[in-house]
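K.L.:
I have a structure here, written as structure tokens, and I will follow up with some questions on it.
The values are calculated or read from the model by the stated rules, or taken from the named source; none is laboratory data. Since the model is a prediction, treat every value here as computed from it, not as a measurement. Reconstructed Cβ throughout: ideal geometry from the backbone, glycine too, with neighbour counts over all protein chains shown.
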Amino acid sequence: MEDWRAFYAGVYLLQAQAQALIDIAQRGCSELGLRVGGYVDAGRGLMEAGIISKDEFDFYRRVLGFRNVTVYEYASINLEMVEKIISGKEFKKVYLLALKIVNELKKRGIDP
């Protein structure tokens, strides 16, 4: 990613995608009647409710950590990590986890 504009556009899109996953997790917990104290708790709540697995919760936490860096510590973004996520299309994992959460909620009669 030699074009800095494309690179930072990619960072922003990854940040937005991560935030969407977090929002889905929080909404899911709310619809399940779970009280959560923050973003991590939302993922934990979904795990404890059987919506996501332990491995998926661990991945969710990594996505949350990446999002926090892009929002609060922009100057310390690991450029190689971003390039790996984009070139390896690892961002698809975030989409698939969000889709799984939505589908699992729908199975329980919840329309997030």
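K.L.:
Suppose we keep only residues that are touching a Cys at 6+ places or on another chain (Cβ under 9 Å) and modelled with pLDDT of 95 or more within the stretch 32-42. Which one would you say is surrounded by the most Cβ atoms within 10 Å (Cβ to Cβ)?
P.N.:
Out of the qualifying residues, it is Ala42.
K.L.:
Additional query: Identify the residue in the stretch 66-83 that is surrounded by 12 or more Cβ atoms within 10 Å (Cβ to Cβ) and without any contact (Cβ under 8 Å) to a residue 24 or more places away in the chain and, among all such residues, is nearest to the chain's Cα centre (by Cα). Reasoning before the result, please.
P.N.:
Initial filter on the stretch 66-83 (surrounded by 12 or more Cβ atoms within 10 Å (Cβ to Cβ)): 66-70, 77, 81-83.
Remaining after also requiring without any contact (Cβ under 8 Å) to a residue 24 or more places away in the chain: 68-69, 81.
On the way: Asn68: 11, Val69: 13, Met81: 16 Å.
Restricting to residues being surrounded by 12 or more Cβ atoms within 10 Å (Cβ to Cβ) and without any contact (Cβ under 8 Å) to a residue 24 or more places away in the chain, the top hit is Asn68.
K.L.:
Can you tell me how many residues within the stretch 18-31 are buried (at least 16 other Cβ atoms within 10 Å of the Cβ) and in contact (Cβ under 8 Å) with a residue 40 or more places away in the chain? I'd like the intermediate steps shown before the answer.
P.N.:
Taking the stretch 18-31 and keeping what is buried (at least 16 other Cβ atoms within 10 Å of the Cβ), we get 18-19, 21-22, 24-29.
Okay, now just the ones that are also in contact (Cβ under 8 Å) with a residue 40 or more places away in the chain, so 18-19, 21-22, 24-25, 27-28.
The qualifying residues number 8.
K.L.:
Filter the stretch 83-112 down to the residues that are within 17 Å of Glu48 (Cβ to Cβ) and not in a helix (DSSP H, G or I), then identify the one that is modelled with the lowest pLDDT.
P.N.:
Among residues in the stretch 83-112 that are within 17 Å of Glu48 (Cβ to Cβ) and not in a helix (DSSP H, G or I), the one modelled with the lowest pLDDT is Ile110.
K.L.:
A follow-up question, please. Determine which single condition Asn68 fails, assuming it passes every other condition in (1) over 17 Å from Leu99 (Cα atoms); (2) part of a loop (DSSP other than H, G, I, E, B); (3) not aliphatic (A, V, I, L, M).
P.N.:
Failing condition for Asn68: (2).
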